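Asker: This is the structure I want to talk about, given as structure tokens.
Please treat every number below as a calculation from the coordinates, not as lab data. This one's a predicted model, so the numbers in the text were calculated from it and none came from an experiment. Using ideal geometry, Cβ is built from the backbone for each residue, glycine included, and neighbour counts are taken over all protein chains shown.
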């Protein structure tokens with residue numbers, strides 16, 4: 001299955017989520033997919049594999065006024081080919097919003113990672129809480145490790 005069962009409906013949902021991302025924040029294809037329940041007829045494991053790609057397709061088809069530049073890959077990089085006009089435009093738009101890139105072309109999700117829309121908005125749209133883009137703090141052990 002290369003496309004969601006109803007691509008137009010899926011795209012509209014993706015774009016509604018992306019419109020919630022404020023300037024100066026970045027999200028990922030996977031984070032957006034994590035907010036959308038698997039479409040009817042799509043198994044959860046299949047959706048987990050394909051959801052981010054479907055979001056990428058929705059962003060490729062984004063309508064005017066959707067802040068497409070705020071969606072990047074899970075590595076914190078722009079997914080468009082390096083040096084392409086689209087990649088240069090996306091980077092410039094993000095930098096104008098105050099998002100900085102390191103020497104490897106990555107953003108720091110600890111600083112600019114979006115935590116998702118308000119819970120009320122998610123509930124009103126029957127969406128799920130997003131995965132976090134921030135690193136989880138390392139668990140402290142109350143017991144010494146045997147290994």
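Asker: Quick one: plug the Kirkwood hydrodynamic radius of the chain (C-alpha pairs) into Stokes-Einstein at 10 °C, 1.306 mPa s, and report D in µm²/s.
Answerer: 97
Asker: In nm, give the distance between the simple-model label positions of residue 136 and residue 75, each being 7 Å from the Cα along the Cα-to-Cβ direction.
Answerer: So the label points at residue 136 and residue 75 sit 2.4 nm apart.
Asker: Based on DSSP H runs of at least 4 residues, each adding -39500 (n - 2.57), what is the mean residue ellipticity at 222 nm of the chain after dividing by all its residues, to the nearest 500 deg cm²/dmol? It would help to have the intermediate numbers written out before the result.
Answerer: Details: 6 runs with 58 residues, N = 147.
-11500 deg cm²/dmol, from helical runs alone.
Asker: Which of these, 37, 81, 22, has the largest mean-square fluctuation under a Gaussian network model of the chain (Cα springs below 10 Å)?
Answerer: Greatest mean-square fluctuation among the candidates belongs to 81.
Asker: Follow-up. Put a dot 7 Å past each Cα toward the Cβ at residue 84 and residue 96; how far apart are the dots in nm?
Answerer: Output for this residue pair reads 2.0 nm.
Asker: Using alpha-carbon positions, what is the distance between the centroids of region 15-64 and region 94-117, in Å?
Answerer: 18
Asker: Efficiency by 1/(1 + (r/R0)^6): what FRET value for residue 2 and residue 108, r their Cβ-Cβ distance, R0 = 30 Å, to the nearest 0.05? Walk me through the numbers on the way to the answer.
Answerer: Details: r = 33 Å, r/R0 = 1.10.
Working from the Cβ atoms, E equals 0.35.
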